[in-house]
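Peer 1: Sharing a structure, written as structure tokens. Questions coming.
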């Protein structure tokens, strides 16, 4: 049989298997996935549409502003994963085509070349390498590295002769067989020696055991042996709470003699770095001498060197004992080390830093009130918002003419390439250059989004949104699905959300909000849950959002459902332990008991700062805010779902809550997602499964759905929101 026909047959079988999950679960009246309802002359979104979905990321504009190269993500249906390829477009000139499989492209200073990360030409199974491609008609491509371990974060030297990048090197302190057992016979097949662990953060979600450091390298563009500029037992690149590599692109000084980077070099050899500290460093290429530029203890990231090389802009927060601290934007004088705070108490992190051409101001993007916009701040602290609208805009590169390129998304705009024209006299103009999912959404009616604000306790105002189903009929009453975001220090916003649209297409009014603890509203709002999460405040805010949504729209108050993942899973478990108003719930990748979580997660240091006193001194807060300790109050049928590889909120957390519900006779189900780390949707097929399994669960307890149980659902009364 020809391979193409065989592949299509395998795909058809795979899709059919997913569509039939409802039947395998017991049907319960859940709508089959392939049956996208017709709304007038248009159809609603189907979950199968996900298999053809595409996204734009890492958008890089050429130095002269004439070309844009970006990474385009699409789903490999046959291997159940995302594929990445580089595409090029010419704004206003029509050209838009695929260049090569790869990611992480960066233009050379003269715009004649791009460097990118691609599969090793000699061994595609082994890993990735750095390539350089000519951007003329010859398209000559050269493999620059051979044997680099996971190279990333490419940066060209100002003269275009060298590339800096980060890559892995084996840890010399990985120890095994330090006490070999004597008497082993020749050729004996003994159990391997144990791993000996003496580090606090020794594993990371989506990675597993960490057996390497990440160092800074430089390599000639025409090939050669990469030179390790930071040899030693430490990492280059900030590590959030000691474990999560948040990335760090090296920054060359204008003279090409030094490179600026972030990280934490321990003061004492052999000691572990403070997981809440990251500094800005500079390494001199001539002799490898490293100098620390920042002096204030804090978590400092995203350094950007000014055009004259005299200043470095950077973002972050000062050291403190809380898990969320006020965000700042700073500059430091390279010669003197004098630090200045340009902006403090920001709504959220300052991201995407770029100096303006004069060197007297900095562009950056920031999340605020559900949106993400471009801002400019002068060196004397004058702040200007340059874009405004119902969108989320990230700037990822800037040309010499001041034009910027990045990614934009909005309620009805999927993640696409954007061009931003910046003027000092007026607001910047934003143009969407691609429409990657136009073919899928043609003829599709999406759910409509409506923003609202709700009044909560202590005078808090809570921003939220509701998405009504396609073909919305104001004379009908719909079931409501409350979705709670994770973090907890993160933010829902106005970006296009496939999951929410898929839920709306299945007939739910989807409600989501930013309770206290969310970012985007300033430090006081975000820090309101420090040492008290989950608790009265976030619970009250979520219920206020639900009440406001019911007051605004035709929602059936007897058909309410709730779900969330990670921090949203925590709050879902907390919600059902403090109110019976929901018919059914689904807590995805939750934390259920803080003491056990603190020792099992990959973010150990962060977890041990959840409450003001360690549990061995005073466990009262750890117990009071653990959903598991309130499981005796739960009457709501609750499904638990976690990935089998999850190291952030390990499976045992969900298992504990599930077992307790089983012991109490509360309807429950445990779903273990295969090949998933933290979250349940990184594998394309698992996103479909997440929707199907949750919809089936909700249908079982929905009195209006065919096949739903006739047993009366729990009442709608509130319990005390402790």
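Peer 1: Quickly run through the stretch 526-536 and pick out the residues that are under 21 Å from the mean Cα position of the chain (by Cα) and surrounded by fewer than 23 Cβ atoms within 10 Å (Cβ to Cβ).
Peer 2: 527 - this is the single residue of the stretch 526-536 that is under 21 Å from the mean Cα position of the chain (by Cα) and surrounded by fewer than 23 Cβ atoms within 10 Å (Cβ to Cβ).
Peer 1: Could you tell me whether the stretch 625-642 includes any residue that is under 21 Å from the mean Cα position of the chain (by Cα) and at pLDDT 95 or above? Even if it seems obvious, please write down each step before you answer.
Peer 2: Here is the first cut: in the stretch 625-642, the residues under 21 Å from the mean Cα position of the chain (by Cα) are 641-642.
Okay, now just the ones that are also at pLDDT 95 or above, so 641-642.
Yes, the stretch 625-642 has at least one match.
Peer 1: Filter the stretch 66-90 down to the residues that are part of a strand (DSSP E or B) and surrounded by 17 or more Cβ atoms within 10 Å (Cβ to Cβ) and list them by number. Lay out the reasoning, then the answer.
Peer 2: Taking the stretch 66-90 as the starting set, the residues that turn out to be part of a strand (DSSP E or B) are 68-76, 81-89.
68, 69, 70, 71, 72, 73, 75, 84, 86, 87, 88, 89, listed by residue number.
Peer 1: Residue 223 passes all but one of (1) on the phi > 0 side of the Ramachandran plot; (2) in contact with a helix residue (DSSP H, G or I) (Cβ under 6 Å, 6 or more places away or on another chain); which number fails?
Peer 2: Of everything listed in (1) on the phi > 0 side of the Ramachandran plot; (2) in contact with a helix residue (DSSP H, G or I) (Cβ under 6 Å, 6 or more places away or on another chain), residue 223 misses just condition (2).
Peer 1: Next up: Being surrounded by fewer than 14 Cβ atoms within 10 Å (Cβ to Cβ) and closer than 15 Å to residue 72 by Cβ is the filter here; which residues of the stretch 436-451 pass it?
Peer 2: Step one: list which residues in the stretch 436-451 are surrounded by fewer than 14 Cβ atoms within 10 Å (Cβ to Cβ), which gives 438-439, 442-443, 451.
Within the stretch 436-451, 438, 439 qualify.
Yes or no, residue by residue, for (1) free of Cβ contacts under 8 Å to residues at least 40 places away in the same chain; (2) crowded, with 24+ Cβ neighbours inside 10 Å; (3) outside the structural domain of residue 674 (by TED's automatic domain parsing):
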{"residue": "583", "(1), (2), (3)": "no, yes, no"}
{"residue": "589", "(1), (2), (3)": "no, yes, no"}
{"residue": "592", "(1), (2), (3)": "no, yes, no"}
{"residue": "596", "(1), (2), (3)": "no, no, no"}
{"residue": "616", "(1), (2), (3)": "yes, no, no"}
{"residue": "632", "(1), (2), (3)": "yes, no, no"}
{"residue": "638", "(1), (2), (3)": "no, yes, no"}
{"residue": "649", "(1), (2), (3)": "no, yes, no"}
{"residue": "652", "(1), (2), (3)": "no, no, no"}
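Peer 1: For residue 80, only one of the following conditions fails: (1) touching a residue at least 40 places away in the same chain (Cβ under 8 Å); (2) under 21 Å from residue 250 (Cα atoms). What is its number?
Peer 2: Of everything listed in (1) touching a residue at least 40 places away in the same chain (Cβ under 8 Å); (2) under 21 Å from residue 250 (Cα atoms), residue 80 misses just condition (2).
Peer 1: Here's a follow-up. Does residue 557 satisfy being assigned by TED's automatic domain parsing to the domain that holds residue 681, over 17 Å from residue 625 (Cα atoms), surrounded by 24 or more Cβ atoms within 10 Å (Cβ to Cβ) and in contact (Cβ under 8 Å) with a residue 40 or more places away in the chain? Quick ask: steps written out before the conclusion?
Peer 2: On the way: assigned by TED's automatic domain parsing to the domain that holds residue 681: yes; over 17 Å from residue 625 (Cα atoms): yes; surrounded by 24 or more Cβ atoms within 10 Å (Cβ to Cβ): no; in contact (Cβ under 8 Å) with a residue 40 or more places away in the chain: yes.
When the stated conditions are applied, residue 557 does not pass them.
Peer 1: Still on this structure, I have one more. With the condition kept exactly as written, say whether any residue in the stretch 470-484 is crowded, with 16+ Cβ neighbours inside 10 Å, outside any strand (DSSP E or B) and under 27 Å from the mean Cα position of the chain (by Cα).
Peer 2: The answer is no; no qualifying residue exists.
Peer 1: Might you check whether a residue that is without any contact (Cβ under 8 Å) to a residue 60 or more places away in the chain and part of a loop (DSSP other than H, G, I, E, B) occurs anywhere in the stretch 655-662?
Peer 2: Restricting attention to the stretch 655-662, the residues satisfying the condition of being without any contact (Cβ under 8 Å) to a residue 60 or more places away in the chain are 655, 658-662.
Pick out the ones that are also part of a loop (DSSP other than H, G, I, E, B) and you get none.
Within the stretch 655-662, none of the residues are without any contact (Cβ under 8 Å) to a residue 60 or more places away in the chain and part of a loop (DSSP other than H, G, I, E, B).
Peer 1: Look through 451, 458 and report the one residue that is outside any loop (DSSP other than H, G, I, E, B) and more than 26 Å from the chain's Cα centre (by Cα).
Peer 2: On the way: 451 fails: more than 26 Å from the chain's Cα centre (by Cα).
Going through 451, 458 in turn, just one is outside any loop (DSSP other than H, G, I, E, B) and more than 26 Å from the chain's Cα centre (by Cα): 458.
Peer 1: Among the residues of the stretch 227-244, write down those that are part of a strand (DSSP E or B) and at pLDDT below 90.
Peer 2: Keep residues of the stretch 227-244 that are part of a strand (DSSP E or B), which gives 227-228, 236, 239-240, 244.
Once the filter is applied, which keeps residues that are part of a strand (DSSP E or B) and at pLDDT below 90, the stretch 227-244 yields 239, 240, 244.
Peer 1: Sort through 63, 109 and tell me the only one that's touching a residue at least 40 places away in the same chain (Cβ under 8 Å), under 15 Å from residue 399 (Cβ atoms) and outside the structural domain of residue 166 (by TED's automatic domain parsing). Give the derivation first.
Peer 2: On the way: 109 fails: outside the structural domain of residue 166 (by TED's automatic domain parsing).
Among 63, 109, only 63 is touching a residue at least 40 places away in the same chain (Cβ under 8 Å), under 15 Å from residue 399 (Cβ atoms) and outside the structural domain of residue 166 (by TED's automatic domain parsing).
Peer 1: For the stretch 248-270, does any single residue satisfy the condition of being touching a residue at least 24 places away in the same chain (Cβ under 8 Å), in a strand (DSSP E or B) and more than 32 Å from the chain's Cα centre (by Cα)? Even if it seems obvious, please write down each step before you answer.
Peer 2: First, pick out the residues of the stretch 248-270 that are touching a residue at least 24 places away in the same chain (Cβ under 8 Å): 248-266, 269-270.
Imposing the further condition that a residue be in a strand (DSSP E or B) reduces the set to 251-252, 258-263.
This time we only want the ones that are more than 32 Å from the chain's Cα centre (by Cα), so: none.
Checked against the condition, which is being touching a residue at least 24 places away in the same chain (Cβ under 8 Å), in a strand (DSSP E or B) and more than 32 Å from the chain's Cα centre (by Cα), the stretch 248-270 yields no hits at all.
Peer 1: Condition (residue is part of a strand (DSSP E or B) and over 22 Å from residue 386 (Cβ atoms)) applied to the stretch 411-426: is it met by at least one residue? Outline the logic, then answer.
Peer 2: The first filter runs over the stretch 411-426 and keeps only residues part of a strand (DSSP E or B), leaving 413-421.
Then keep just the ones that are over 22 Å from residue 386 (Cβ atoms); that gives 414.
Yes, the stretch 411-426 has at least one match.
Peer 1: So in the stretch 360-381, with the set limited to residues that are touching a strand residue (DSSP E or B) at 6+ places or on another chain (Cβ under 8 Å) and not in a strand (DSSP E or B), which one is farthest from residue 463 (Cα to Cα)? Steps first, answer last, please.
Peer 2: Looking only at the stretch 360-381, we keep the residues that are touching a strand residue (DSSP E or B) at 6+ places or on another chain (Cβ under 8 Å), and these are 360-367, 369-379, 381.
Pick out the ones that are also not in a strand (DSSP E or B) and you get 360, 369-370, 379, 381.
Details: 360: 35, 369: 7, 370: 8, 379: 32, 381: 28 Å.
The residue in question is 360.
The values are calculated or read from the model by the stated rules, or taken from the named source; none is laboratory data. No experiment lies behind these values; they were computed from the predicted model shown. FYI the Cβ positions are ideal-geometry reconstructions off the backbone, even for glycines, and counts take in every protein chain you see.
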